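Trainee: First the structure, which I've put down as structure tokens, then a few questions once you've had a look.
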Ligand code: ADP
Ligand code: ASP
Ligand code: MG
């Protein structure tokens, strides 16, 4: 059994959808289970619809719902004729529901996380309805299945955490029989339901996570993540066009890259697979014959100390310098107590006896923590920052690596540096505006 997940661009236009159908056909012998994201940018549009409606701009929200309807209708028309009408009829209640949610939001004016989850889930429900029809029309025994009946989570809306054992049992009882009967289950990524039965989502980009959860739950032999690039690359190809494919990576390297912003994999994707030693392969829907990247428990070296460079935008950097500039016993403990009290989980921390720098996502909690930290010393909180992570298994054992990383960056302001926290990543923070210079320069340094 193999889980195949296709992202938004893979199902965002007719050409790619036809390629997806052929990929699925080529995997028929391996008992595939399919996971789909919403088509194209649908989820972003749904976010906007929610915001518009809650802000009282109902007309705008309804216009955008109409645009989504014609986007899905045009895709159906192009890939599904003559069965497009029937598939669109199946989508109609989803659009009605969307409209009803938008209308009630415009009255209530409050977009709660629970409503947001319900709203965003529509994208995956639409895409799977059309994809199941497209696969069937191509003669494949596709069977639409409801991920909300399978993936069970806690109740943390917009960032729900799956409950693995409950999910495993449901996957076994609801999906295994379909596969055994020779059918190809078609499920939505990203969406789930809490134990109490309320729709939840696994966080933006969470369809990858759905795929690995299902793969782990069913003991898949491999999890395939089909996307719009040739696997995991030496850097984000949208920032570094000359980035190259990495044929093999270790789980640790790929997890670190994902954590530090390489959008190609959702940060939680690898954990369920690692636990069971299931390889995760990242492949390009536009070039299905490429070998992509395979992520394995242990990966052989490839001669490069640095495997890849990741970055995470939209961060804040907080600097705290102790009021008393001397070795203050208990200073760090008090800093971390404040962070814990406000539930701030920094991505990076670097400390000295009298100062602390940390990088975290901006939030009300971070602002509140900064206010409390002012009691301990002088605080400087800057937004518009980015974390850059240089990742490789051999980083730690390579002398002079820090010098090499910063050699070409001497004209830039580095807000903080952190090495050693992770054995395989060297991280630093810079202004977001400098990313377009930093990442390509680093790439040139390590990959020529
Ligand atoms: P999908 O819709 O298939 O889930 P995403 O947009 O979430 O696709 O992820 C794919 C994108 O990840 C690529 O288009 C690329 O711009 C970005 N990306 C960032 N870092 C990397 C990297 N190291 N390797 C490959 N892609 C990366
Ligand atoms: N459609 C969701 C999103 O855009 C989930 C995903 O694509 O993985 O975040
Ligand atoms: Mg993604």
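Trainee: So for the pair residue 112, residue 304, with labels modelled 7 Å out along Cα→Cβ, what separation do we get in nm?
Mentor: According to this spin-label approximation, the distance is 4.8 nm.
Trainee: Once fully extended, how much extra length lies between residue 15 and residue 406, figured as 0.36 nm per residue of separation less the alpha-carbon to alpha-carbon distance?
Mentor: Going from the current span to full extension adds 136.4 nm.
Trainee: Take the Cβ-Cβ distance between residue 380 and residue 41 as r, set R0 to 51 Å, and report the resulting FRET efficiency rounded to the nearest 0.05. Write down the numbers at each step before the final one.
Mentor: On the way: r = 36 Å, r/R0 = 0.71.
For residue 380 and residue 41, the calculated efficiency is 0.90.
Trainee: Of the DSSP beta bridges with both residues in the chain, give the percent that are antiparallel, rounding to the nearest 5.
Mentor: 60
Trainee: Next question. Based only on other Cβ atoms within 10 Å, what is the fewest-to-most ordering of 195, 256?
Mentor: 195, 256
Trainee: Between residue 361 and residue 103, what FRET efficiency comes out of the Förster formula 1/(1 + (r/R0)^6) with R0 = 25 Å and r the beta carbon distance, rounded to 0.05? Each step should come with its number before you reach the end.
Mentor: On the way: r = 32 Å, r/R0 = 1.30.
With a Förster radius of 25 Å, E is 0.15.
Trainee: Between 230, 275, 146, find the one with the highest GNM mean-square fluctuation for the chain; connect C-alpha pairs within less than 10 Å.
Mentor: Of 230, 275, 146, the Gaussian network model singles out 275 as fluctuating most.
Trainee: Under 8 Å for C-alpha pairs, at least 6 residues apart: give me the relative contact order for the chain, rounded to a whole percent.
Mentor: 13
Trainee: Quick one: grab the alpha carbon gyration tensor of the range 344-412, order the square roots of its eigenvalues as a ≥ b ≥ c, and give me rounded if a/c is under 1.5, else prolate or oblate depending on whether a/b is larger than b/c.
Mentor: Prolate, because a/c is 1.5 or more and a/b exceeds b/c.
Trainee: Here is a further query. Angle check, please: helix 207-218 long axis (alpha carbons) against the longest principal axis of the chain (alpha carbons), in degrees 0 to 90, nearest 10.
Mentor: Long axis of 207-218 versus the principal axis of the chain: about 70 degrees.
Trainee: Given the options 89, 168, 244, state which has the largest fluctuation in a GNM of the chain using a 10 Å cut-off (strictly under) for Cα springs.
Mentor: 89
Trainee: When a/c reaches 1.5 or more, the comparison of a/b and b/c decides; with that in mind, is the range 106-197 rounded, prolate or oblate per its Cα gyration tensor? Let's see the in-between values first.
Mentor: Details: a/c = 3.90, a/b = 1.44, b/c = 2.70.
Oblate is the answer for the range 106-197, as a/c is 1.5 or above yet b/c matches or exceeds a/b.
Trainee: Does the range 47-159 come out rounded, prolate or oblate, given a ≥ b ≥ c as the square roots of the eigenvalues of its C-alpha gyration tensor, rounded meaning a/c under 1.5 and, failing that, prolate meaning a/b above b/c?
Mentor: oblate
Trainee: Going by how many other beta carbons lie within 10 Å of each one, how would you line up 443, 157, fewest first?
Mentor: Ranked by crowding around the Cβ, least crowded first: 157, 443.
Trainee: Do the sum for the chain: with -39,500 (n - 2.57) for every DSSP H run of n ≥ 4, divided by all residues, what is the mean residue ellipticity at 222 nm, to the nearest 500 deg cm²/dmol?
Mentor: -12500 deg cm²/dmol
Trainee: Separate question: Got a sec? How would 167, 158, 201 order by Cβ neighbour count within 10 Å, fewest to most?
Mentor: Exposure proxy ranking, most exposed first: 158, 167, 201.
Trainee: Taking 7 Å along the Cα-to-C-beta vector as the label spot, tell me the residue 26-residue 394 distance in nanometres, rounded to one decimal.
Mentor: 3.1
Trainee: Could you state the number of Å between the C-alpha centres of the range 383-438 and the range 148-194?
Mentor: Spelled out, the Cα-based centre of one part sits 38 Å from the other.
Trainee: Next question. If you stretched the chain out fully between residue 341 and residue 275, how much longer would it get, using 0.36 nm times the residue separation minus the C-alpha to C-alpha distance?
Mentor: 20.6 nm
Trainee: In a Gaussian network model over the chain where Cα atoms closer than 10 Å are linked, find which of 359, 436, 53 has the largest mean-square fluctuation.
Mentor: 436
Trainee: Taking R0 as 51 Å, what FRET efficiency do you get between residue 441 and residue 154 from their Cβ-Cβ distance, rounded to the nearest 0.05?
Mentor: 0.75
Trainee: Need the full-extension length gain, residue 90 to residue 414, defined as separation in residues times 0.36 nm minus the C-alpha distance. One decimal, nm.
Mentor: 111.3 nm
Trainee: Taking Cα atoms, how many degrees apart are the long axis of helix 58-80 and the longest axis of the chain, rounded to 10 and kept between 0 and 90?
Mentor: 60
Trainee: Here's a follow-up. Give the percent of DSSP beta bridges with both residues in the range 220-329 that are antiparallel, rounded to the nearest 5.
Mentor: 35
No lab work stands behind these numbers, since they all come straight from the coordinates. Remember, it's a predicted structure, so these values are computed and weren't measured experimentally. Glycine gets a Cβ as well: all are built from the backbone with ideal geometry, and neighbour counts include every protein chain shown.
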